[in-house]
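Novice: Pasting a structure here, questions to come.
FYI, it's all coordinate maths here, none of it is from the lab. None of these values were measured; they are calculated from a predicted model. Positions of Cβ are generated from backbone atoms using ideal geometry, with glycine treated the same way; all protein chains shown enter the neighbour counts.
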Amino acid sequence: MLSARAARLKESATLKVFGAAKRMIAEGIDVINLSMGEPDYNTPEHIKEAAIQAIKANHTHYTVNRGILPLREAVAKRLKEDFNADYTPEQILVSSGAKQSLFNTIMALVDEGDEVLLPYPAWPTHPEAIGLAGGKVVALRTREKDDFKINARQLAAAITPKTKMILFSNPINPTGMVYSEDELTALVDVLKKHNIFILADEIYARMCYDGFKFRSLATFPEIKERVILVQGVSKAYAMTGWRIGFSCGPQAVIKAADKIQGHSTSNASSIAQYAALAAVSGPQDSLDEMLATYTKRRKYIMERFSAMPDISFAVPRGAFYLFPNVSAYFNEQYPDSTALAMYLLEKAHVAVVPGVGFGQEGYLRLSYAASMEQLAAACDRIEKALKELKG
């Protein structure tokens, strides 16, 4: 018999679609996959070489649970240079991916019945992690006309004596929205009046467009002692498979998360840690190259979807996703985003993720971390399939 905890867990909408797409690909069907949230670039050569040299140097044993000191020092330096966020190596915990960083922190802070504020649409793992810790998700609903962002009034109204934390993503998966400094300042004015933790998921922080100046919540002194910042190397350095993330925050919280990790996975992969060290301390030009490419793809996919009838979307300012409203194409046979996503997979052979998986029915999430040729073909197929659906 399964535990009630396991029975409550929902399957990841992204992985569900990806699994169906993989099965079709195995059958020889030409499927264009726009469902996965990972760069289509390979890990830069100097990072791979660092991993090879780490193996040759026999860095193949346990490290300290918190992560090797040179990596934590390099992460602290990178955060200071990129975001002006001040952390010491003692305030940093290296984990097996940013997902584990989030789990560690939530397990360290959230007790049974604690309320955790979560803006929606949200990455599917966020509410599931809160639920596993026994916390209660308090959904802060947003609208497309507001760029899927919460405001200060909404935040203030949601905080109760049971509120333990807010889990705040910026930039946001799945919408690609990024909060401006003025918007963050208004939220901080509310948060500084309440003794709650702020778990800031900023994994896409280095992926912003149109010259957007990103500001980390960790740089607001009014709330700094209650902010736990989560980032990693997966998105910025095309290192999704290396599984290195890190959390930064008050030493008491990081120490508790360190203990939890010590009884789950222990240290992150030693080889991957040395690769991450090369990533954060080495040349950063590969990120500039990726961002330039993503900028072109973003422009293209927005133009294509803008030209499709009865579709709207908020302009994404970060990450690599488009989140279009496709509810006008629902009908009796395809009444929701899940059915429409499966229709596009089976009819157009394009894999996208239903918005309901992010708590936002009526939408689809498409990743433009794919080649221009793939994006062009995918848009052609989607446009044709939607026309046939309307007709």
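Novice: How about K162: which aspartates and glutamates have a C-alpha closer than 13 Å to its C-alpha, ignoring those fewer than 8 places off in the same chain?
Specialist: Once the sequence-local aspartates and glutamates are set aside, what remains near K162 is D111, E112, D114, E115.
Novice: How are the alpha carbon pair distances in segment 45-281 distributed across 10 Å bins from zero to the largest one, expressed in percent?
Specialist: 8, 34, 37, 17, 4, 0
Novice: Take every DSSP beta bridge with both residues inside the chain and express the antiparallel ones as a percent of the total, to the nearest 5.
Specialist: In the chain, DSSP labels about 45 percent of beta bridges as antiparallel.
Novice: Between exposed trypsin sites (Lys or Arg not before Pro) in the chain, where DSSP calls loop and at most 14 other Cβ atoms lie within 10 Å, what's the longest gap?
Specialist: The longest such stretch corresponds to 214-391.
Novice: So what's the gap between the Cα centers of segment 88-121 and segment 126-171, to the nearest angstrom?
Specialist: Distance between centres, Cα-based: 14 Å.
Novice: With springs only between Cα atoms under 10 Å apart, run a GNM on the chain and tell me which of H349, H263, H59 wobbles the most.
Specialist: Taking springs between Cα atoms under 10 Å, the residue moving most is H263.
Novice: Long-range amide H contacts for S95: which residues qualify at under 5 Å (H placed 1.01 Å from N, peptide plane, sequence gap of 5 or more or a different chain)?
Specialist: Sorted by chain and number, the residues that satisfy this are G245, F246, S247.
Novice: Same structure again: Under a Cβ-Cβ cut-off of 15 Å, what is the net charge of the residues other than E225 that fall near it, where Lys and Arg count +1 and Asp and Glu count -1?
Specialist: Here the charged neighbours net out to +2.
Novice: While we're on this one: Return the calculated 222 nm mean residue ellipticity for the chain, to the nearest 500 deg cm²/dmol, obtained by summing -39500 (n - 2.57) across DSSP H runs with n ≥ 4 and dividing by the residue count.
Specialist: -12500 deg cm²/dmol, from helical runs alone.
Novice: For segment 322-386, what does the alpha-carbon gyration tensor say about shape, rounded, prolate or oblate, given a ≥ b ≥ c as the root eigenvalues, a/c under 1.5 as rounded, and a/b over b/c as prolate?
Specialist: Because a/c hits 1.5 or more and a/b fails to exceed b/c, segment 322-386 counts as oblate.
Novice: May I pose another question? Can you grab the distance from the C-alpha centre of segment 172-240 to the C-alpha centre of segment 1-17, Å, no decimals?
Specialist: Using only Cα atoms to place each centre, the spacing works out to 28 Å.
Novice: Fewest Cβ neighbours within 10 Å first, please rank D40, D210 accordingly.
Specialist: D210, D40
Novice: Turning to a different aspect of this structure: Rounded, prolate or oblate: which fits segment 1-105, taking a ≥ b ≥ c as square roots of the Cα gyration tensor eigenvalues, rounded meaning a/c under 1.5, else prolate when a/b beats b/c?
Specialist: prolate
Novice: Which of rounded, prolate or oblate describes segment 179-315 when judged by the alpha-carbon gyration tensor and an a/c cut-off of 1.5?
Specialist: Values: a/c = 2.20, a/b = 1.25, b/c = 1.76.
The shape class here is oblate.
Novice: Assign unit charges at the C-beta atoms only (+1 for Lys and Arg, -1 for Asp and Glu), then state the dipole size of the chain relative to its Cα centre in Debye, rounded to the nearest 20.
Specialist: 520
Novice: On a straight-distance basis, which aspartates and glutamates could pair with K149 in a cross-link, Cα separation under 17 angstrom, same-chain partners fewer than 8 positions away excluded?
Specialist: E181, D182, E183, D189, D201, E202, E361
Novice: Multiplying the sequence separation of K77 and D30 by 0.36 nm and subtracting their Cα-Cα distance, what value in nm do you get? Mind showing how you got there, number by number?
Specialist: Numbers: separation 47, 0.36 × 47 = 16.92 nm, distance 4.44 nm.
Separation in residues times 0.36 nm, less the Cα-Cα distance, equals 12.5 nm.
Novice: For segment 43-129, which chymotrypsin sites (Phe, Trp or Tyr not before Pro) pass both filters: DSSP loop (anything but H, G, I, E, B) and at most 11 other C-beta atoms within 10 Å?
Specialist: Y62
Novice: May I ask you to sort S337, S286 by Cβ crowding, counting other Cβ atoms within 10 Å and putting the fewest first?
Specialist: Ordered from fewest to most neighbouring Cβ atoms within 10 Å, S337, S286 come out as S286, S337.
Novice: Can you check how the C-alpha radius of gyration of segment 9-54 compares to 2.2 N^0.38 Å, as a plain ratio? Don't skip to the end; give the middle numbers.
Specialist: Values: Rg = 15.5 Å, N = 46, 2.2 N^0.38 = 9.4 Å.
Taking the Cα Rg and dividing by 2.2 N^0.38 Å, one obtains 1.64.
Novice: Next up: Say the cut-off is 29 Å between C-alpha atoms; which of K56/K255; K296/K384; K235/K255; K16/K80 go over it?
Specialist: On the way: K56/K255 32 Å; K296/K384 23 Å; K235/K255 26 Å; K16/K80 38 Å.
With Cα atoms farther than 29 Å apart: K56/K255; K16/K80.
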